[in-house]
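The values are calculated or read from the model by the stated rules, or taken from the named source; none is laboratory data. All figures in this text were calculated on a predicted structure; none of them were measured in a lab. Positions of Cβ are backbone-derived with ideal geometry, glycine not excepted, and every protein chain shown enters the neighbour counts.
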Amino acid sequence: MFNKKSIITLVLLLSLGMTARSQVKIGFEVCFTEPQAHYAEVEMNISGINKEYVDIKMPVWAPGSYLVREFSKFVEGFKATTQGKALRFEKVRKNTWRVYGSGAKQLKINYRVYANEVSVRTAFIDNTHAFLSPTGIFMYPEGYLKSPSTVTVIPFKGWSKVSTSLEPVTGQAFTYTAPDFDILFDSPLEVGDQDVFEFTAAGVRHEVAMYGGGNYDKERLKVDMAKVVEQATGIYGENPNKHYTFIVHNFERGGGGLEHLSSTVLGASHNQYGSEAGYNGFLELVAHEYHHLWNVKRLRPVALGPFDYDNENYTTNLWIAEGYTAYYENKFMLRAGFTTPEEFIGKLAGAIASVENTPGSREQSAAMSSYDAWIKYYRPNENSNNTGISYYSKGEVIGILMDLEIIHATKGTKSLDDVMKAMYLQCKTLKRGYTDAEFKSMVEKISGLSFTAFWDKYVNGTQPVDYKTYFGYAGIDVKNVNEGQRVPYLGVASAKKEGKIYITAVSRNSAAWVDGLNVNDEVVSIDGVPAEASVEKMAAVTGRKVGDIIKVTLIRDGVTRDFNVTLKANPNIALAAAFSPVASDVQKAVLKKWLGV
């Protein structure tokens, strides 16, 4: 029954709640009195929360990196005051401090953060710069994630720049604003004397902040990074940013990247820009992380936002979020002119072989690899290759197959590009992420095919990849160059440590697996021949035949033991791909659509 009075009351209550929330003000000030010891001092000022107590929380993980990292373990010196008067507080959860304000209108929270882990997902501070990964630096009042905040950075002496995608506050030096904590937590800050340059692409201003120096050519990077941006934007028809920030950390050995809503953090090596392989490797990283501003940040699984910063956020669709991004970095590199079609198909064939050669690909599906990212992907052990598969690598393979299937079914008129664009627009319209069923439905709508069997085989299942059929759609011949060869295979990985050779991994169902060799065994000899750094490639193994028995002498737990191992055939495939000289017109149409060049 319609009740006008009830409706009016509800509207009034909602209005009062919104007004109260709008009166809440949250501001941070970050300074560095001991950067050489890796510390940041944070002051958090809160006004407008008139409660008996306020729970102040720190996230336990960083979106885009699916592992509970427990950032609160780096916090020390927590204290709370109001108008100079100390307030009582207690820690009520691993990442929660309960501050008893007795209705105080203003709260000041002070704490220090130790930041000494070099990665794209964790804060790091020393006397040369400060990288502030927000989920490891900033706390929030429980219940107020939707509240706006400001951040003021006080650079250490000699530091003159702050690079971030946060909006600057006019007239206030090094002060930035975020409309809510999801934006704040998704906007890292680089503070120091970094080398900054800009370029414009897709109508968007892009800032590149280079820390650590290196043999890069800024003018060349401006041109080539712009090409990547244009190719990525071309898929979706629009670029959702007003400005975008690349934060690049150049170390002796650097790598990896982490996506954010309007920025990214990239790891690189000082001198990698001088070689074609190193330079293209950097551009591939740029292509991967830039694509994320659509795929995962806006075109996202429904579980990934709004975020729960206290707990794991589970989804079965990281094979799309990360795997398809890995696939598209290759497409962007091809379409931007940095790789040839031959290199493109060679890379994709190699990606398929890598998945097929991982024993865990028969044990774990792409969907479950995604779901178990929190406990498996970031916590690998010596048996991980036998028990699971990366959602990056399996997702890339699924992307290859799905793309070719769609192009083939539509006779070269549609592709996976159309699915990605349609899903991006759907998420934008509905203002939420997609479900697995919605993504599958869009694939079926655009292709005109049922993808139920495909999902059963490759997404939720662990069946071998029918690569010959899919590559055949585009007139590409693929062969396993190992087919018919019976190469003896022990099935171990090994490493040299302090002059001794140790087994570091044993492959499922290999000779070593079946006959009892273990990880951490010290290999002394094979058939009396002293062990070499690569046990698998010792002459005593490679000079034998499948079915031969070798004697492996090893030390386990201080005891010398002999094992008789019957050599098995190497099960791994090696794929070679080439364009067919007799491709049909239909195959040529599929190839043209697929390559996009």
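Exactly one residue among Ala232, Ala209 is buried (at least 21 other Cβ atoms within 10 Å of the Cβ) and over 18 Å from Ala287 (Cβ atoms), and that residue is Ala209. Set side by side, the residues Lys414, Lys500, Lys431 differ, and just one is loosely packed, with under 15 Cβ neighbours inside 10 Å, at pLDDT 95 or above and not assigned by TED's automatic domain parsing to the domain that holds Gly547, which is Lys431. Scanning region 302-322 for residues that are of a type outside the set (S, T, N, Q) and surrounded by fewer than 23 Cβ atoms within 10 Å (Cβ to Cβ) turns up Val302, Ala303, Leu304, Gly305, Pro306, Phe307, Asp308, Tyr309, Asp310, Glu312, Tyr314. In this structure, is Val204 among the hydrophobic types (A, V, I, L, M, F, W, C), in contact with a Leu (Cβ under 6 Å, 6 or more places away or on another chain) and not assigned by TED's automatic domain parsing to the domain that holds Ile183? No: the conditions fail for Val204. Scan region 172-182 and tell me whether some residue there is without any contact (Cβ under 8 Å) to a residue 12 or more places away in the chain, closer than 25 Å to Ala123 by Cβ and not acidic (Asp, Glu). Yes, there is a match, as at least one residue in region 172-182 is without any contact (Cβ under 8 Å) to a residue 12 or more places away in the chain, closer than 25 Å to Ala123 by Cβ and not acidic (Asp, Glu). Annotation note: Cβ proximity below 7 Å between a residue of region 516-539 that is at negative phi and a residue that is assigned to a loop (DSSP other than H, G, I, E, B) and acidic (Asp, Glu) (sequence gap 6+ or interchain) occurs for Val519/Glu382; Met538/Glu532. Note on region 189-199: among residues that are assigned to a strand (DSSP E or B) and not aromatic (Phe, Trp, Tyr), the one that is surrounded by the fewest Cβ atoms within 10 Å (Cβ to Cβ) is Glu198. Residues in region 209-237 that are assigned to a loop (DSSP other than H, G, I, E, B) and out of contact with any Gly (no Cβ under 7 Å at 6 or more places or on another chain): Gly212, Gly213, Gly214, Tyr216, Asp217, Gly237.
Only one entry of Asn311, Asn280 meets the criterion of being at pLDDT 95 or above and in the same structural domain as Val355 (by TED's automatic domain parsing), and that entry is Asn311. On the stretch given as region 426-452, residues that are in a helix (DSSP H, G or I) and touching a residue at least 60 places away in the same chain (Cβ under 8 Å) total 4.
Residue by residue, here is whether (1) modelled with pLDDT under 95; (2) out of contact with any helix residue (DSSP H, G or I) (no Cβ under 9 Å at 6 or more places or on another chain) holds:
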{"site": "Asn518", "(1), (2)": "no, no"}
{"site": "Glu532", "(1), (2)": "yes, no"}
{"site": "Gly558", "(1), (2)": "no, yes"}
{"site": "Lys568", "(1), (2)": "no, no"}
{"site": "Ala577", "(1), (2)": "no, no"}
{"site": "Val586", "(1), (2)": "no, no"}
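Residue-wise test of (1) surrounded by fewer than 23 Cβ atoms within 10 Å (Cβ to Cβ); (2) acidic (Asp, Glu); (3) assigned by TED's automatic domain parsing to the domain that holds Asp126; (4) more than 30 Å from Pro141 (Cα to Cα).
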{"residue": "Phe174", "(1), (2), (3), (4)": "yes, no, yes, no"}
{"residue": "Thr177", "(1), (2), (3), (4)": "yes, no, yes, no"}
{"residue": "Ile183", "(1), (2), (3), (4)": "yes, no, yes, no"}
{"residue": "Met225", "(1), (2), (3), (4)": "yes, no, no, yes"}
{"residue": "Ile247", "(1), (2), (3), (4)": "no, no, no, no"}
{"residue": "Gly255", "(1), (2), (3), (4)": "yes, no, no, yes"}
{"residue": "Leu261", "(1), (2), (3), (4)": "yes, no, no, no"}
{"residue": "His270", "(1), (2), (3), (4)": "yes, no, no, yes"}
{"residue": "Val286", "(1), (2), (3), (4)": "no, no, no, yes"}
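Tell me whether region 159-171 contains one or more residues that are under 17 Å from Asn45 (Cα atoms) and either small (Gly, Ala, Ser) or touching a residue at least 40 places away in the same chain (Cβ under 8 Å) (or both). Among the residues of region 159-171, not one is under 17 Å from Asn45 (Cα atoms) and either small (Gly, Ala, Ser) or touching a residue at least 40 places away in the same chain (Cβ under 8 Å) (or both), which makes the answer no. Has region 387-400 got any residue that is basic (Lys, Arg), part of a helix (DSSP H, G or I) and either out of contact with any Cys (no Cβ under 9 Å at 6 or more places or on another chain) or under 24 Å from Tyr328 (Cβ atoms) (or both)? Yes, the conditions are met somewhere in region 387-400. The condition of being surrounded by 16 or more Cβ atoms within 10 Å (Cβ to Cβ), of a type in the set (Ser, Thr, Tyr) and either assigned by TED's automatic domain parsing to the domain that holds Gly267 or closer than 22 Å to Ile49 by Cα (or both) holds for only one of Ser163, Ser147, that being Ser147.
Among the residues of region 466-487, none is identified as buried (at least 19 other Cβ atoms within 10 Å of the Cβ) and under 21 Å from Leu517 (Cβ atoms).
Can you find a residue that is among the basic types (Lys, Arg), outside any helix (DSSP H, G or I) and free of Cβ contacts under 8 Å to residues at least 60 places away in the same chain anywhere in region 200-208? Taking every residue of region 200-208 in turn, at least one turns out to be among the basic types (Lys, Arg), outside any helix (DSSP H, G or I) and free of Cβ contacts under 8 Å to residues at least 60 places away in the same chain.
Please determine, by comparing only the residues of region 284-334 that are part of a helix (DSSP H, G or I) and among the small types (Gly, Ala, Ser), which one is nearest to Val68 (Cα to Cα).
Only one residue fits best here, namely Ala321.
Just one residue in the set Arg544, Arg561 is surrounded by fewer than 19 Cβ atoms within 10 Å (Cβ to Cβ) and in contact (Cβ under 8 Å) with a residue 12 or more places away in the chain; that residue is Arg544. Asn460: more than 24 Å from the chain's Cα centre (by Cα) and in contact (Cβ under 8 Å) with a residue 40 or more places away in the chain, yes or no? Here the answer is no, as Asn460 does not meet what is asked. Listed by position, the strands (runs of 3 or more DSSP E) contained in region 25-117 that have at least 2 residues being surrounded by 21 or more Cβ atoms within 10 Å (Cβ to Cβ) and in contact with a Phe, Trp or Tyr (Cβ under 9 Å, 6 or more places away or on another chain) are 25-31, 39-47, 53-57, 96-100, 106-114. Is it the case that region 120-132 has a residue that's at pLDDT 95 or above, of a type in the set (D, E, K, R), within 21 Å of the chain's Cα centre (by Cα) and not in a strand (DSSP E or B)? Yes: one or more hits.
Condition test on Lys146, is it part of a loop (DSSP other than H, G, I, E, B) and on the phi < 0 side of the Ramachandran plot? The answer is yes for Lys146.
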